[in-house]
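Below: the structure, in structure tokens.
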Amino acid sequence: MANNLDQIVEKLGKALDASLVSVVLYGSAATGDHNEKFSDYNVLCVLTQITPNELRAVEPVFRWWREQGNPSPLLLTENELRTSTDCFAIEFHDIREHHRILYGPNLVESLEIDRSFYRAQVECQLRTKLLRLRQKGGGVLSDKDALRLLLVDSVSTFCVLFRHALLLDGVAGPVSKREIAETAARHFQLDAAPFLTLLDQREEKVKAKEIEPEPLFARYIIQIEKVIDAVDVLAK
């Protein structure tokens, strides 16, 4: 994948020329917790300006990048990068702490994260993801394969949010998903087993058919609800 990262930087540079300021790799690929089967490569591009001209220029680059199995790069102006940390405290906190500069100056290492809405954002994201999990789970409950896939696809997101719940409560959040699950279980008095089981499946340490998904789904949801309750009562 290193070659693809070099290629996207080259393609973005040609497409954007002087408008391109910096290219940053973030997410699991920058933390060392990347899983080729489930993870993708997240790229942030900082530009001097973003108009239809820039969007038109990057369209073929974005199309190529998506064909590699990755989401389109995130585009921000330099001003947006500085002024959006209150709205996206979770995302910018993670980018600042774990990133790799692919091109240009490092504009993220000195970002000041505005924590005004941090707790509310963590709670909102937890509740939103839980609601979606229930909604989707209710549609595939009798389909064991689909339910297993739904659960495995969701566990990474909940581990990220659990890490931020820990940070909000003054606990230094570990990086690996397994460590996050274990630390959250100790701190919030959870049952870590549903998360560890799903991570085992995600890492192909157990076969999917060995997991009975419906009771796992029930136990999984209960633990998520406990973390939401804990975040809800933190200082507001």
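Overview of results
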{"item": "Under the Karplus curve 6.51 cos²θ - 1.76 cosθ + 1.60, θ = phi - 60°, whole-Hz ³J(HN,Hα) for the stretch 71-83, x wherever Gly or Pro sits", "result": "x, 4, x, 8, 9, 9, 7, 4, 5, 5, 4, 6, 9"}
{"item": "CD proxy at 222 nm, helix term only [per DSSP H run n ≥ 4: -39500 (n - 2.57); per residue of the chain; nearest 500]", "result": "-19000 deg cm²/dmol"}
{"item": "Extension reserve of the ASN79-LEU131 stretch, reckoned as 0.36 nm per residue once the Cα distance is removed", "result": "15.4 nm"}
{"item": "FRET efficiency, SER72 to GLU109 (Cβ-Cβ, R0 22 Å, nearest 0.05)", "result": "0.35"}
{"item": "Cα-based convex hull, the stretch 2-103, per residue volume (Å³, whole number)", "result": "97 Å³"}
{"item": "Pairwise FRET efficiency - SER142 versus ARG100, Cβ, R0 = 41 Å, nearest 0.05", "result": "0.40"}
{"item": "Calculated from backbone phi, Karplus (6.51, -1.76, 1.60) coupling profile of the stretch 91-105 in Hz, x at Gly/Pro", "result": "5, 6, 4, 5, 5, 5, 6, 9, 7, 9, 7, 9, 7, x, x"}
{"item": "Amide H contacts of ASP86 (H built 1.01 Å from N, under 5 Å, at least 5 apart or other chain)", "result": "ASP114"}
{"item": "Protection proxy ranking, peptides 181-189, 3-11, average beta carbon neighbours within 10 Å, highest first", "result": "181-189, 3-11"}
{"item": "Rounded to whole Å, sorted largest first: equivalent-ellipsoid semi-axes of the stretch 118-232, Cα gyration tensor", "result": "23, 16, 11"}
{"item": "Sequence ranges 59-71, 156-168, ranked by mean other-Cβ count within 10 angstrom, highest first", "result": "156-168, 59-71"}
{"item": "Mean Cβ neighbour count within 10 Å, used as a protection proxy, ranking 197-204, 12-19, 108-115 highest first", "result": "197-204, 12-19, 108-115"}
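Readers should treat all values here as calculations from the given coordinates under stated rules, not as data from a laboratory. Source: prediction; values computed, not measured. Counting neighbours? That spans all protein chains shown, and the Cβs are built from the backbone with ideal geometry, glycine included.
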